[in-house]
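K.L.:
One structure, pasted below without further comment.
Read-outs: derived from the displayed coordinates by stated rules, not from any lab. Keep in mind that what you see is a predicted model, and the values were worked out from it rather than measured. Reconstructed Cβ throughout: ideal geometry from the backbone, glycine too, with neighbour counts over all protein chains shown.
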Amino acid sequence: MFVLKIKGKARIPDYVQLRSDDFTLIAYFRLDRPEKALAKIGLAGHESEILEDLQKIPFGKITPVNWNNK
């Protein structure tokens with residue numbers, strides 16, 4: 001799985017894209033509201049750990065992650 005963190009400007013908030021290994025879009029959500037999107041893809045209950053990881057990921061860089069085992 002890959003993560004792309006997108007920096008918002010002015011009134012546009014920061015967003016996160018989660019993509020599969022073949023780069024298909026799995027989830028697209030606001031960085032400040034991940035609960036519903038993470039629950040939809042089966043990662044409910046791990047929001048705090050995932051948000052902690054997302055804080056470390058730089059904006060605009062495609063970063064591989066291994067959250068499938070959470």
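K.L.:
So what is the diffusion coefficient of the range 2-64 in µm² per second by Stokes-Einstein at 10 °C and 1.306 mPa s, using a Kirkwood Rh over Cα pairs?
P.N.:
133
K.L.:
From the helices alone, meaning DSSP H stretches of at least four residues, give me the mean residue ellipticity at 222 nm for the chain, per-run term -39500 (n - 2.57), in deg cm²/dmol to the nearest 500.
P.N.:
Value at 222 nm, helices only, nearest 500: -6000 deg cm²/dmol.
K.L.:
Are there chymotrypsin sites (Phe, Trp or Tyr not before Pro) in the range 3-34 that DSSP puts in a loop and that have at most 14 other Cβ atoms within 10 Å, and which ones?
P.N.:
F23
K.L.:
While we're here: Once you charge only the Cβ atoms, +1 for Lys and Arg and -1 for Asp and Glu, what is the size of the charge dipole of the chain about its Cα centre, to the nearest 20 debye?
P.N.:
Roughly 360 debye for the chain.
K.L.:
Could you give the angle, 0 to 90 degrees to the nearest 10, between helix 47-56's Cα long axis and the longest principal axis of the Cα atoms of the chain?
P.N.:
50
K.L.:
If you keep only loop residues by DSSP, which GluC sites (Glu not before Pro) in the range 29-70 have at most 15 other Cβ atoms within 10 Å of their Cβ?
P.N.:
Sites meeting the loop and neighbour criteria: none at all.
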